[in-house]
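Take a look at the structure below.
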Amino acid sequence: MTEVISLIAVLWLLYLYECLFWPPAETVVFHSLGLGRWQWMSVSNWLAPLERGIFLGNPLPPLGGALSVPRAGYAISPDGVYAWSPEFARDPGLLQDADGFHATWQALGAVRSDGRIVFVGDTPFAKLPDAGAARRLSGLLKRLKDMPAAERAKAIDDANARRFDLAAATYRWSQLQSAARGLRVVCNLLFLTLMVAGPVASLTIGLGQTWWWWLPSAGVFWLLVLVMFYAAHRSLYPEDGGERGEKLLNMFLLPVAAVRACDRLWFGALRGFHPLVVGRLVLPPEEYADFARQVLRAVQYMPPPLSPRAPLAAKIAGWSTEHLQSAALGFAHSTGVNIAADAGAPVAADEECESYCPRCRTQYRRGTFACSDCGGVPLRALRPSSAAVARV
Ligand SMILES: [Zn+2]
């Protein structure tokens, strides 16, 4: 009996490990615990050397789902490219020095992607969530590099606009739900057979007396998951054959991983869209308004560019931030979010609080002038009459 208990414990540990996700840092994860109620969280850089966050999916597969939507970790403008993010304040981890890599289109070396990383010449320029996204960015950079200078501004704005296309995101979301419908049923049957019925029967009646019915049933469901996952993945991601092969191999070698096949199909499916758009699709209206205001604050109050001594970098950062802000504000406006609700200074939490960060709304005491969490965003006065006004 002890061996059976150890076996079940190992099975469940392996399964819980498969419920973990390792999205890139600065990713927004939307997740549902079931009953159609979605929430969001911003994944921090928990595993700093790997630039990865961690997220535990709901271990009960009949319920919930998760979608990861990364923020862009690079800036492009008609003037050139810059390894600096207009969307998040922390160092994306690929900057070569304090000024960051930047170059004009004319001076740009050969662009290529290698796995998740896009290289410009020999310099790593951006790290993307997966190889497919890296291929698409490197394709966009190559196109921009080769086109006449006068056409670049429009081409970049068009690429930005695709991230904010609610109709395309809605269509993709419906595709995703229909592709996963049958697969979800079989994943649940595999979960019930392999993770619940098999262990319970082995503990109460005995492994030797029961394996002959639950193990072959689990085997049939496992094979069905592999076949259905292949078909669904091929229809949703026709160009990502390499990633499909890796995921299938993982689920082939480790049948408990196959229980999570829906997550493997869903997790990165809306990566091409901006978090504001995915939030609009899945969040309840009142939570979406709050989420949108937080995202808008993050793009409105960026820290000063990292490269005060590099005019080109500052110019690229300025253009890309301004165009992102305008696209994000335009989208939020079209969805009816009341941006003005966030405009005023918050009430001081206690008597010693004197200033606040307009980006994350953290309050600070006397003597602090910039928010360290937001990469140096200048603080603002909590009360208009406060002495802190003079320092901002
Ligand atoms: Zn802040």
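Every number here is computed from the coordinates shown, using simple stated rules; none is lab data. Computed from a predicted model, the values in this text were never measured in an experiment. With ideal geometry, Cβ positions are generated from the backbone for all residues, glycine too; neighbour counts draw on all protein chains shown.
Would you grab the residues whose amide H sits under 5 Å from the one on Phe101? Only those 5+ places off in sequence or on another chain, please, with H modelled 1.01 Å from N.
Residues meeting the amide H criterion: Ala83, Gln96.
Considering amide H positions built from the backbone, and no H for Pro or chain starts, which residues 5 or more places from Phe125, or on another chain, come under 5 Å of its amide H?
Val118, Phe119, Val120
Aspartates and glutamates within cross-link reach of Lys154: Cα-Cα under 18 Å, excluding same-chain residues under 8 positions apart?
Answer for Lys154, where 18 Å is the Cα cut-off: Asp79, Asp146, Asp165, Glu322, listed by chain and number.
How high is the FRET efficiency from Trp213 to Gln175, r the C-beta distance, R0 45 Å, rounded to 0.05?
Rounded to the nearest 0.05, the efficiency is 0.75.
Report the label-to-label distance for Leu254 and Ala161 in nanometres (one decimal), using points 7 Å from each Cα along the Cα→Cβ vector.
Spacing of the two 7 Å Cα→Cβ label points: 4.4 nm.
Ala231 to Ala349: FRET efficiency via 1/(1 + (r/R0)^6), r the Cβ-Cβ distance, R0 56 Å, to the nearest 0.05?
Approximately 0.55, to the nearest 0.05.
Pulled fully out, how much extra length does the chain show between Trp22 and Thr104, if you take 0.36 nm times their separation in residues and subtract their Cα-Cα distance?
Residue separation times 0.36 nm, minus the Cα-Cα distance, leaves 26.1 nm.
Treat every Asp and Glu Cβ in the chain as -1 and every Lys and Arg Cβ as +1, leave all other atoms uncharged, and give the resulting dipole magnitude about the Cα centre to the nearest 20 debye. Walk me through the numbers before you get to the answer.
On the way: 37 positive and 32 negative charges, 110 e Å.
Magnitude of the dipole: close to 520 debye.
Using a 10 Å cut-off on Cβ atoms, rank the peptides 277-283, 170-176 from the highest mean neighbour count down.
277-283, 170-176
In the chain, which helices (entire DSSP H runs) extend 15 Å or more along their own long axis, judged by Cα positions, while averaging at least -1.0 on the Kyte-Doolittle scale?
Result, helices passing both filters: 2-18, 131-146, 166-190, 207-236, 241-253, 285-300, 311-334.
If the reach is capped at under 23 angstrom between alpha carbons, list the lysines near Lys247, excluding any in the same chain fewer than eight residues apart.
Filter leaves Lys127.
Let me know the charge dipole size of the stretch 275-342 about its Cα centre in debye, to the nearest 20, where only the beta-carbon of Lys, Arg (+1) and Asp, Glu (-1) is charged.
That gives the stretch 275-342 a dipole magnitude of about 340 debye.
Distance in nm between label sites at Arg52 and Leu14, each 7 Å beyond Cα in the beta-carbon direction?
Result for the modelled spin labels: 1.9 nm.
Among 232-239, 78-85, how do they line up by average Cβ neighbours within 10 Å per residue, starting with the highest?
The densest-packed peptide leads the list: 78-85, 232-239.
Arrange the following residues from fewest to most other Cβ atoms within 10 Å of their Cβ: Thr335, Thr2.
Starting with the residue having the fewest Cβ neighbours, the order is Thr2, Thr335.
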